[in-house]
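As structure tokens, the structure follows; a few thoughts come after it.
The values are calculated or read from the model by the stated rules, or taken from the named source; none is laboratory data. Since the structure is predicted, the reported quantities are computational estimates derived from the model, not experimental observations. Cβ coordinates were reconstructed from backbone atoms using ideal geometry, including for glycine residues, and neighbour counts include every protein chain displayed. Note: areas computed on protein heavy atoms with side chains; ligands, DNA, RNA excluded. Shrake-Rupley method; radii C 1.70, N 1.55, O 1.52, S 1.80 Å.
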Amino acid sequence: MSEPRAAILIDVEERSGVSIVVTDGVLDYATYRGLRDTVIKAALDEPRAVIVDVNRLSVPSPSAWSVFTSARWHVSTWPNVPILLACSDIDRQCALTTSAVARYVPVHTSLEAALDAVDDLAVHGRRRARAALPRSRASIRLARGMIHEWLTTWSVNQLIPVAGTVATVFIENVLEHTESEPVLVVENFNDTLTVAVEDRSRQPVNRREDAAGGIDAVSGLAIVGALCRAWGSTPTSSGKTVWAVIGSENEL
């Protein structure tokens, strides 16, 4: 009788707004998806960053390290939370570099060094604001006022009109199609702005056009698609987040 395959133990803790994923066990085809999904879920909770401690992880096949590249790809547009690795073992560091994982997911020699790197990211310009809104039409006016205040403070005034329009569409959809109270999230990093609205409905968002409405009936999401660099919907543990990425080319 063959011996049972070793499982991978995963523990997630929070420190100073950072999700730390500690792994212990064997990373192979049987445990790959579970680890990837855990890292993605940690990122979707929108911490400052996700740090994965891989010091006790055994990886028989170097290709399995790509689990971290895959996780990063899944969250790269939204919520675009940084994923970092903490690895003190030189052989593992070499494997991560050779497999090109380190090109996309930074590798640090200790958990403390990774935490310092997260602080450095914050210093260099990632700004985020978040507000829970009431379930009423008044939330649209409140959201537009908050966006004006936040973007003025961040000196991104030129994107206030398009950001306000996107937020209006997303909040109207929440009020019309769910029973949720919308949560507005706005993030600025480098030359991009992300506007997102969270709700507690697991129903996927769909762009719908009214065939009977003629040229005068255009869906709100069609407007978002025309105004933004990219948009999408991401399932979360409590519902979903609908987001849009706005660049300097999207100024109105």
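Just the residues that are among the polar types (S, T, N, Q), touching a residue at least 24 places away in the same chain (Cβ under 8 Å), part of a helix (DSSP H, G or I) and open to solvent by 10 Å² or more (accessible area, probe 1.4 Å), please, taken from region 138-197.
Q158, T165, T168, N173
Filter region 121-137 for residues that are modelled with pLDDT under 90 and open to solvent by 40 Å² or more (accessible area, probe 1.4 Å) and give the result.
Correct list: L121, A122, V123, H124, R126, R127, R128.
Sort through V12, V50 and tell me the only one that's open to solvent by less than 50 Å² (accessible area, probe 1.4 Å) and either under 18 Å from the mean Cα position of the chain (by Cα) or within 30 Å of R229 (Cα to Cα) (or both).
That would be V50, the only listed residue that is open to solvent by less than 50 Å² (accessible area, probe 1.4 Å) and either under 18 Å from the mean Cα position of the chain (by Cα) or within 30 Å of R229 (Cα to Cα) (or both).
Just for helices (runs of 4 or more DSSP H) wholly inside region 1-101: which have at least 1 residues that are closer than 30 Å to E198 by Cα and in contact (Cβ under 8 Å) with a residue 12 or more places away in the chain?
The qualifying helices (runs of 4 or more DSSP H) are 32-44, 66-74.
Looking only at region 198-233, how many residues end up being of a type outside the set (D, E, K, R), modelled with pLDDT of 90 or more and surrounded by 11 or more Cβ atoms within 10 Å (Cβ to Cβ)?
12
Which residue, of V118, V107, V101, is within 19 Å of D53 (Cα to Cα), under 22 Å from the mean Cα position of the chain (by Cα) and open to solvent by 40 Å² or more (accessible area, probe 1.4 Å)?
Unique residue meeting the criteria: V107.
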